[in-house]
Amino acid sequence: AAAAAAAAAAAAGQEGHETAVVEEDLAEKILSARHVFEVFELDTSNPIDVKQIRSIYRKLALKVHPDKIPEGGDPVLYKMAFSRLDTAKDALEAMLSEDVASCRELHRILSCDVRTRSGAAALLGTDDAEAAEKRAKAKAATFEKLHRVAPDFERGQAVCREAVATLRRTSNVEVLPRQDALMKEGISSSRAMGARDLRFPYPLVQMRPEAMSRLIPPGRCRVALLTGATAALSDDELLSSTKGLDRQPKASALRWCLNADSKAACTSALCIQTDMASGPTDTPAAKRQRTNGGSSPTASAATVRVRHILFAHQQLRQSDMMARRIGKSKTVQEAEVLALEVLEKLLAPAASRDQQAFPKLCREHSDCQSAAQPGALSGDLGWVSRGQQEAAFEEACFNLAPQSYSDLITTSRGIHIIHRLA
């Protein structure tokens, strides 16, 4: 009998604990609700009236009222939840008294997920970006009567605006599934650059960056900023995979992205290279040469002799009179990957000992007419003066040391690998 009584007491205690947990979860759910309709868990498909609101209110109030706190419950949590419930009830009654149709329309708009293209199109009734803005204004007008009594009035307008922004974003059948998958990825920070879906229309995170400083040691240094799958790469993987790319930060960042998990929804990397002098300098900052990746002793040369390998792609916006053929790559991303593979071959120790390595790879891959030149002249552009080439190409040429290779350089012709001869 004693054992049975103890078991009954334990069961009752367990049941009481489970009840407390459920009610505490309810309090947290009320506080985390995005709008007043969500506080009452109202369904957009059912009509709303004051009688229904009061009935739901009484049921919820019995569970989260500060006087009904179960043993071990948080008094502050229940007090805040009850206050939110009370405020939501008053707001819903005021909105229903003002205009029932407008109240239902605001409820439907606030319940739409406009972060995805399909959700935005469903709300506005169109997936055409041009027509979206007019439709959004019409939607916002449907609940205009509630502007004085609806606490979520401005949020409803924000949802309509965000639906337009979603439809305006460039997308295609290949990118869309990846974008939708990214929406389901969580982040471990309350602040973020980007993450628009977590900032609009509901401000779950803030775009308020924090600044910090670090002392960069003298000499050459690379700083890696990694997000998504690249952040999972170890230091050894980062260093070993880009061992020969110590002067090519863009190529390094691309290699890290390619080495990361290809199934991840988000993969990005940024590599910043510095080349700090080991001692102080008396040269005024305004007179120092602006360079890509640090100052170069040959940056002030009048002319340089260079050769290059061009990787054209089918997304180029203008025709190239010097093109040797149509680029094999369909996109700029494909061209960059191919260029990286060729650059890594050129920087390999075996290629440095083979004088035919560059001409051979140039004739095989380059889409510039210069690749057709005989022998060692393949890809040779001769002596280049300032002002003859596009800014990005020129900057790379004049900041290269003789017998060194550039990073991946992007111009209107495509992606370049530049080799300075003299």
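Here are some notes:
- Some residue of region 235-249 being within 30 Å of residue 115 (Cα to Cα) and either of a type in the set (A, V, I, L, M, F, W, C) or part of a helix (DSSP H, G or I) (or both): no
- Residue count for region 356-387, restricted to those that are within 16 Å of residue 320 (Cβ to Cβ) and either in a helix (DSSP H, G or I) or open to solvent by 70 Å² or more (accessible area, probe 1.4 Å) (or both): 5
- Residues considered: 135, 54. Of these, the only one that is part of a helix (DSSP H, G or I), at pLDDT 95 or above, within 30 Å of residue 172 (Cβ to Cβ) and of a type outside the set (Ser, Thr, Tyr) is 135.
- Restricting attention to region 232-251 and to residues that are farther than 19 Å from residue 337 by Cβ and touching a Ser or Thr at 6+ places or on another chain (Cβ under 9 Å), the residue that is surrounded by the most Cβ atoms within 10 Å (Cβ to Cβ) turns out to be 247.
- Sole residue being open to solvent by less than 60 Å² (accessible area, probe 1.4 Å), at pLDDT 95 or above, touching an Asp or Glu at 6+ places or on another chain (Cβ under 7 Å) and among the aliphatic types (A, V, I, L, M), chosen from 415, 409: 415
- Against the numbered list (1) touching a Lys or Arg at 6+ places or on another chain (Cβ under 7 Å); (2) modelled with pLDDT of 80 or more; (3) surrounded by 13 or more Cβ atoms within 10 Å (Cβ to Cβ), residue 176 comes up short only at (2).
- Checklist (1) in contact (Cβ under 8 Å) with a residue 60 or more places away in the chain; (2) in a helix (DSSP H, G or I) applied to residue 220, failing item: (2)
- Which numbered condition residue 36 misses (of (1) open to solvent by 80 Å² or more (accessible area, probe 1.4 Å); (2) closer than 28 Å to residue 203 by Cα; (3) not aromatic (Phe, Trp, Tyr)): (1)
- Residue 315 vs. criteria of a type outside the set (Ser, Thr, Tyr), at pLDDT 90 or above, surrounded by 11 or more Cβ atoms within 10 Å (Cβ to Cβ) and assigned to a loop (DSSP other than H, G, I, E, B): yes
- Candidates in region 200-231 are the residues that are farther than 30 Å from residue 163 by Cβ and of a type in the set (Lys, Arg); of these, the one that is most open to solvent (accessible area, probe 1.4 Å) is 214.
- Scoring residue 256 on the criteria (1) farther than 30 Å from residue 138 by Cα; (2) open to solvent by 60 Å² or more (accessible area, probe 1.4 Å) leaves a single failure, condition (2).
- For residue 146, the requirement of being closer than 18 Å to residue 106 by Cα, of a type outside the set (Gly, Ala, Ser) and either out of contact with any Leu (no Cβ under 9 Å at 6 or more places or on another chain) or open to solvent by less than 70 Å² (accessible area, probe 1.4 Å) (or both) is met.
- Scanning region 338-350 for residues that are part of a helix (DSSP H, G or I) and either surrounded by fewer than 17 Cβ atoms within 10 Å (Cβ to Cβ) or touching a strand residue (DSSP E or B) at 6+ places or on another chain (Cβ under 8 Å) (or both) gives 338, 339, 341, 342, 343, 345, 346, 347, 349, 350.
- Candidates 111, 102, 118 - the one that is among the hydroxyl-bearing types (Ser, Thr, Tyr) and open to solvent by 80 Å² or more (accessible area, probe 1.4 Å): 118
- Number of positions in region 390-403 that are assigned to a loop (DSSP other than H, G, I, E, B) and open to solvent by less than 70 Å² (accessible area, probe 1.4 Å): 4
- Qualifying position, being touching a residue at least 40 places away in the same chain (Cβ under 8 Å) and open to solvent by less than 20 Å² (accessible area, probe 1.4 Å), among 163, 181, 136: 163
- Test: residue in region 52-67 that is surrounded by fewer than 16 Cβ atoms within 10 Å (Cβ to Cβ) and touching a residue at least 40 places away in the same chain (Cβ under 8 Å): no
- Residue under evaluation residue 379, criteria (1) over 16 Å from residue 410 (Cβ atoms); (2) at pLDDT below 95; (3) touching a His at 6+ places or on another chain (Cβ under 7 Å), criterion not met: (2)
The values are calculated or read from the model by the stated rules, or taken from the named source; none is laboratory data. Given the structure is predicted, the values throughout are model-derived calculations rather than measurements. Don't worry about glycine lacking a Cβ; one is built from the backbone with ideal geometry, like all the others, and counts go over all protein chains shown. Side chains are part of the model used for accessible areas, which takes the heavy atoms of the whole protein and leaves out ligands, DNA and RNA. Shrake-Rupley method; radii C 1.70, N 1.55, O 1.52, S 1.80 Å.
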